[in-house]
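S.K.: Here it is, the structure in full.
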Amino acid sequence: MKILVCISHVPDTTSKINFTEGDTKFDTNGVQFVINPNDEFGLTRAMWFKEKQGANVTVVNVGGPETEPTLRKALAIGADAAIRVNTEAKDGVQVAKELANVVSQGGYDLVIAGRESIDYNGGMVPGMLATLANANFVTNCINLEVDGTNATATREIDGGKETVSTSLPLVIGGQKGLVEESDLRIPNMRGIMMARKKPLTILDPINASVETSSVQFEKPAPKGAVTLVDPDNIDELVNLLHNEAKVI
Amino acid sequence: MSVLVYTESEQGKFKKTAFEVASYAKAVAQQLGTNVTAITINAADASELGNYGVDKVLQVNNAELEKFNANAYASVIEQAAKHENATVVVVSSSADSKYLAPMLAIKLDAGYASNVVEAPSNTAPFTVKRTAFTNKAFNMTSITTDVKIVGVSKNAFGLVESSGSASSEDFSPSVDTSGVTVQSVDKATDKVTIADAEIVVSGGRGLKGPENWRMVEELAEVLGAATACSKPVSDLGWRPHSEHVGQTGKPVASNLYIAIGISGAIQHLAGINASKVKVVINTDPEAPFFKAADYGVVGDAFEVVPTLIEKLKAFKAQNA
């Protein structure tokens, strides 16, 4: 089985979010970039398929050279090879089209992406990619088993979960549950050394067009201070929630 | 030309988000000077949609669509959009709509903006405000394609009643449910879901153990709320993963979020800060949650929560 894991290069959750150039660009100054958490769960599940079922795992990112350390980290975790599509990621559909080209050239059976990235939170790329690649698609995926060309997947739904049967070729929008937090791997020295020798292929983009464009960013208005209620006066809390906040 | 809205139903009845997306579609239609058509799948009575600005309903009744199938549903909406010459398609942020919308976008060659919180600020170019960086910022996005898809954030636009009435017609699209087949659904039907709840009551490690969750559940019962938990609590196995809210768990956009014994790690706040009013109960006045909350009680949850339950019961009895 050939698995492609899509890796989004995102600012760490604890990063300060600021904008430059008249609030049109994200300010990367001092920002630590990481593998998108939803993608890391998928990558770790891919490692399970590699170790238990002999799958071959390639990771891919659409982005400039600055994203390579993130791909190298994925190689250090255990992926066999990496591909960087050498173009700036501009919107969901452009990224999905670039990835669809990688999928069709590489003949991957299973594509694992995260359900959404933690920067733009669009949740667009996996579903778009599946439709472009004419593959089956399951998102919010919390469990995945593959047997030959058949697959069983569980997805989170509002208020519960649903188990589906499907088949390869398949695209997954993964999240926590594919593996647990405690299963995530921190690259060791040997992994880091080996990652340096693994192939990282730079692919020319097909120059897919965008359908949306970012005009400007805004930050929410600063929040007012918390209103503290004395623990001996819970009546006051009920009163505030009813008369001031009007939520009960 | 029209605005098409996908109004979701469950067991024949519309979800509240259906009325919210209909209200949104009406606002867009007014800006564009056109009408709103709704597409429903196996909804029993579509007339309610008229109260939220829908002019016409395309009703699909098809036993093959009884179970959700993202590709088949996306194809039904695609056919409805083409039938109506829709230039804007509006969908919700439910798990199902977020699943089908990207597929629909490719089928319609439509640009798609998700997590939209306001009516378009401009229609040429068509520009919407969406959340980004897990609610730490907003992004004004313009959609440049002829057909546009807008995914509306839950509880962001609200319900807008209008005095019209909706005409109804049967719509019989072609249906192909191959590819992905639902084997089983595991869903508590007697409980409010985190996605649909107006109020969410959430517990953290400060509650010390799963045996202490009874008071969280009781507080939720009094308020008609859904129960949730922080990530450490689900990682420790005290509560099921389906209750984990936060960046890698479920997002919460309720009217009221009550956090009990949750310190407010940034990953937790990222997942819940779309909630309108936040209350924190914690013994530690330095807990970061106090900076994010609207109301706070510095105190022992084991004393504060039972008192709160009692006071709320009295309040409910009085205001029943």
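Quick note: the coordinates plus some simple rules give every number you see, no bench work behind them. Worth saying up front: this structure is predicted, and the values here are computed from it rather than measured. All Cβ positions, even for glycine, are placed from backbone atoms using ideal geometry, and neighbour counts span all protein chains on display.
S.K.: Would it be correct to say that A:Glu211 is under 24 Å from A:Pro126 (Cα atoms), among the acidic types (Asp, Glu) and crowded, with 17+ Cβ neighbours inside 10 Å? Explain how you work it out, then say what you get.
M.R.: Values: under 24 Å from A:Pro126 (Cα atoms): yes; among the acidic types (Asp, Glu): yes; crowded, with 17+ Cβ neighbours inside 10 Å: yes.
Considered against the rule, which asks whether it is under 24 Å from A:Pro126 (Cα atoms), among the acidic types (Asp, Glu) and crowded, with 17+ Cβ neighbours inside 10 Å, A:Glu211 comes out as yes.
S.K.: Okay, next question. Which one is nearest to the chain's Cα centre (by Cα) among residues in the range B:115-133 that are over 20 Å from B:Lys276 (Cβ atoms) and within 10 Å of chain A (Cβ to nearest Cβ)?
M.R.: Within the range B:115-133, the subset over 20 Å from B:Lys276 (Cβ atoms) is B:120-128.
Subset that is within 10 Å of chain A (Cβ to nearest Cβ): B:121-122, B:125-128.
Details: B:Ser121: 22, B:Asn122: 24, B:Pro125: 27, B:Phe126: 23, B:Thr127: 22, B:Val128: 18 Å.
Checked the range B:115-133; the qualifying residue nearest to the chain's Cα centre (by Cα) is B:Val128.
S.K.: If you don't mind, there's one more thing I want to ask. Only residues that are crowded, with 18+ Cβ neighbours inside 10 Å and part of a helix (DSSP H, G or I): list them for the range B:279-306, please.
M.R.: To start, the set of residues in the range B:279-306 that are crowded, with 18+ Cβ neighbours inside 10 Å comprises B:279-282, B:287, B:289-290, B:292-299, B:301, B:304-305.
Passing the criteria: B:Phe289, B:Phe290, B:Ala292, B:Ala301, B:Val304, B:Val305.
S.K.: Ok, one more. In the range A:139-182, how many residues are more than 20 Å from A:Glu116 (Cα to Cα) and not in a loop (DSSP other than H, G, I, E, B)? Step through it out loud before you land on a result.
M.R.: Within the range A:139-182, the first condition is being more than 20 Å from A:Glu116 (Cα to Cα), and the residues that meet it are A:145-152, A:163-169, A:182.
So of that shortlist, the ones also not in a loop (DSSP other than H, G, I, E, B) come out as A:145-147, A:150-152, A:163-167, A:182.
The qualifying residues number 12.
S.K.: Quick test for you: out of A:Gly123, A:Gly114, A:Gly127, A:Gly177, pick the one residue that is within 16 Å of the chain's Cα centre (by Cα), more than 27 Å from A:Leu200 (Cα to Cα) and touching a residue at least 40 places away in the same chain (Cβ under 8 Å).
M.R.: Values: A:Gly123 fails: more than 27 Å from A:Leu200 (Cα to Cα); A:Gly114 fails: more than 27 Å from A:Leu200 (Cα to Cα); A:Gly127 fails: more than 27 Å from A:Leu200 (Cα to Cα).
Selected residue: A:Gly177, the only one of A:Gly123, A:Gly114, A:Gly127, A:Gly177 that is within 16 Å of the chain's Cα centre (by Cα), more than 27 Å from A:Leu200 (Cα to Cα) and touching a residue at least 40 places away in the same chain (Cβ under 8 Å).
S.K.: Follow-up question, since we're still on this one. Restricting to the range A:192-222, name every residue that is facing chain B (nearest Cβ under 7 Å) and basic (Lys, Arg).
M.R.: Correct list: A:Lys219 only.
S.K.: Which residues, taken from the range B:134-153, are within 19 Å of the chain's Cα centre (by Cα), under 11 Å from B:Val117 (Cβ atoms) and at the interface with chain A (Cβ under 10 Å from one of its Cβ atoms)?
M.R.: Result: B:Asn135, B:Phe138, B:Gly151.
S.K.: When you go through A:Thr44, A:Thr24, A:Thr58, A:Thr28 one by one, which is the residue that is closer than 15 Å to A:Ala113 by Cα and over 14 Å from the mean Cα position of the chain (by Cα)? Spell out how you get there, then give the answer.
M.R.: Values: A:Thr44 fails: over 14 Å from the mean Cα position of the chain (by Cα); A:Thr24 fails: closer than 15 Å to A:Ala113 by Cα; A:Thr28 fails: closer than 15 Å to A:Ala113 by Cα.
Matching residue, one of A:Thr44, A:Thr24, A:Thr58, A:Thr28: A:Thr58.
S.K.: Could you please give the count of residues in the range B:98-114 that are part of a helix (DSSP H, G or I) and either in contact with a Pro (Cβ under 8 Å, 6 or more places away or on another chain) or surrounded by 24 or more Cβ atoms within 10 Å (Cβ to Cβ) (or both)? Show your work before the answer.
M.R.: Going residue by residue through the range B:98-114, those that are part of a helix (DSSP H, G or I) are B:98-108.
After this cut, where a residue has to be either in contact with a Pro (Cβ under 8 Å, 6 or more places away or on another chain) or surrounded by 24 or more Cβ atoms within 10 Å (Cβ to Cβ) (or both) as well, the list is B:98-105.
Summing the residues that are part of a helix (DSSP H, G or I) and either in contact with a Pro (Cβ under 8 Å, 6 or more places away or on another chain) or surrounded by 24 or more Cβ atoms within 10 Å (Cβ to Cβ) (or both) in the range B:98-114 gives 8.
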